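Below: the structure, in structure tokens.
The values are calculated or read from the model by the stated rules, or taken from the named source; none is laboratory data. What you are looking at is a predicted structure, and each value in this text was computed from that prediction instead of being measured. Neighbour counts run over all protein chains shown; Cβ positions are idealised from the backbone, glycine included. These area figures cover heavy atoms from the full protein model, side chains too; ligands, DNA and RNA do not enter into them. Shrake-Rupley method; radii C 1.70, N 1.55, O 1.52, S 1.80 Å.
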Amino acid sequence: MTTTQQRAALQRQIWAIANDVRGAVDGWDFKQYVLGTLFYRFISENFAAYIEAGDDSIKYAELPDSVITPDIKDDAIKTKGYFMYPSQLFVNVAKSANSNESLNTDLAAIFAAIEASASGYPSEQDIKGLFADFDTTSNRLGNTVKDKNLRLAAVLKGVAGLDFFGGNGGDFEGSQIDLFGDAYEFLISNYAANAGKSGGEFFTPQHVSKLIAQLAMHKQTSVNKIFDPACGSGSLLLQAKKHFDAHIIEEGFFGQELNHTTYNLARMNMFLHNVNYDKFNIQLGDTLTQPHFGDDKPFDAIVSNPPYSVKWIGDDDPTLINDERFAPAGVLAPKSKADFAFVLHSLSYLSSKGRAAIVCFPGIFYRGGAEQKIRKYLVDNNYVETVISLAPNLFFGTTIAVTILVLAKNKTNTDIQFIDASGLFKKETNNNILTDEHTQQIMAVFDSKANVDHFAQSVPFEQVAANDYNLSVSSYVEAEDTREVINISELNAELKTTVTRITQLRTEIDAIVLEIEGEKQ
């Protein structure tokens, strides 16, 4: 079985498990248990592989807990960030799940122990609360302990049956890690697609993430670190990892997320893609009013798909206009539309050599008021490299045609590039997608800055300023006229032929009528 076939088979199997096991529970509510169980299996096998260190004579899962010395435990936590005794491993819990009458409380105790193992170590904040949403006592699992345990056992058995080794056994390294990560992404994507609007708030589809990652990291042979100020489940950050060799991102992955459940998903996502605790820093909180990473900036690459046109405190907080992120623009984003607050936040965290690629609601590029003043600040200071309009219906939960804003602090001229990619999409099920070919088309013209009729135009700063700092792509890239071209000479000739034919028919009809009337007489 090829890796592609194996991946497809795994995805079919895991989605079937997710649907079959949940029963009457809403899929959105049940996602924590499927995702959490997959994560539990991953960290168990990852930890066992670390302890065994390739020695086939060691089977960590079969060892008694009593053989673990304090030194072994201490060393493991410093390296992996957490510790698991053999009895706590997924394989051992799943083995007896069906007959374990205290399964739900045993799982809760194991999850608490894993989190507590990091207490006092550098990894403490990365591990703390990871299983908070895996509530084994929740009535969503059933009304009785027996019902809860039946459902938990079914999830454990289902995930235990997933084949990440191609049916041939083998070690944990290599493609197995990729398959775990892919399975997690697949699950998150499907949950997002089925959740409508709420799903779009925490997941950026992979086909769009690829484009955003490439834009942010274009021609940077290495970046110090990559940042997403509204990171959701971490899909944008991990797309950068997937697209580029790991060594190109030197100091790791940074993100902030407001929603507690999604914050936990993002941290799990990092582990599942084999990003160790010392290579990521995901923080919980409101990016606009409680920003983290002030001591870690600047960042060479920033990727972001922040929430569109959400409300924020804005000028109701008089201190924000003096905040170093917003003060240079001289005005705050409107209270009812925080879009430009996210843009200015990203710009503030961007290094002098870096790029930020931000998905934006299209209205911010042409509306007046405070948003026009912020556009003026961005354009006058030559921060706007490219504005790209995308096709509609590319994202979960919204059909709008969004726009990508690319910011840079190292432009070599003052032109602004506009790309109309609204015609690049492939219809697939309920959503449109960008194919790899579409992404290549966009990246090629982004790189060359060439003018292409009806597709891309580099516009002088003065022209944008004279146009009230309007940054809408449609103002600068003329749409192709797809109406049928009519040849007037040919049309006149056809009309003349038609009129002649009509006259002829009338003459013939008149003759027939006269003939009929003559016969009646």
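The alpha-carbon of Lys376 sits under 26 angstrom from the alpha-carbons of these lysines, leaving out residues fewer than 8 places away in its chain: Lys297, Lys311, Lys335, Lys337, Lys353, Lys409, Lys411, Lys449.
Summarising the label geometry, the points placed 7 Å from Cα in the beta-carbon direction at Lys128 and Lys496 lie 8.9 nm from one another.
Measuring nothing but protein heavy atoms, the accessible surface of the chain at 1.4 Å probe radius is 50 percent carbon and sulfur. Which chymotrypsin sites (Phe, Trp or Tyr not before Pro) in the range 63-93 pass both tests, a DSSP loop state and at most 11 other beta-carbon atoms within 10 Å? When the chymotrypsin sites (Phe, Trp or Tyr not before Pro) of the range 63-93 are filtered for loop state and at most 11 Cβ neighbours within 10 Å, nothing remains. At an R0 of 60 angstrom, the distance between the Cβ atoms of Ile486 and Asn143 translates into a FRET efficiency of 0.25. Taking label points 7 Å from Cα along the Cα-to-Cβ direction, Glu324 and Ser309 give a separation of 3.3 nm.
Ranked by the mean number of other Cβ atoms within 10 Å per residue, highest first, peptides 34-40, 345-351, 457-463, 319-325 order as 34-40, 345-351, 457-463, 319-325. Relative protection proxy for 231-240, 267-276, 280-289, 420-429, from highest mean packing down: 231-240, 267-276, 280-289, 420-429 (other beta-carbon atoms within 10 angstrom). Fully extending the segment from Glu515 to Asp317 would add 61.8 nm, taking 0.36 nm per residue of separation and subtracting the current Cα-Cα distance.
What the phi angles of the range 105-110 give under the Karplus curve with 6.51, -1.76 and 1.60, with θ = phi - 60°, is a coupling list of 6, 4, 4, 4, 5, 5 Hz, glycine and proline written as x. Each of Ile400 and Thr105 was given a label point 7 Å from its Cα along the Cα-to-Cβ line. The distance between the two points is 5.0 nm. Annotation: lysines with alpha-carbon distance below 19 angstrom to Lys95 (same-chain offsets under eight excluded): Lys59, Lys146, Lys148, Lys157.
Calculated accessible area for the chain comes out at 46 Å² per residue, all protein chains present (probe 1.4 Å; ligands, DNA, RNA ignored).
Looking only at the range 318-467, where both bridge partners belong to it, what percent of the DSSP beta bridges are antiparallel (to the nearest 5)? That works out to approximately 85 percent antiparallel. The slack in the chain from Ser119 to Asp245, taken as 0.36 nm per residue of separation less the alpha-carbon distance, amounts to 42.2 nm. Amide hydrogen proximity for Ala456: with H placed 1.01 Å from N in the peptide plane, the residues at 5 or more positions away or on another chain lying under 5 Å are Asp420. Set against the 2.2 N^0.38 Å expectation for a compact globular protein, the chain has a Cα radius of gyration ratio of 1.25.
Does a label point 7 Å from the Cα of Tyr50, set along Cα-to-beta-carbon, have any residues of the range 236-269 with amide nitrogen under 18 Å, and which are they? Only 252-253, 267-269 pass the distance filter. Per residue, the average separation of C-alpha pairs within less than 8 Å and at least 6 apart gives the range 314-385 a relative contact order of 30 percent. Once the Cα-Cα distance is subtracted from the 0.36 nm per residue extended length, the His260 to Thr221 segment shows a gain of 10.6 nm.
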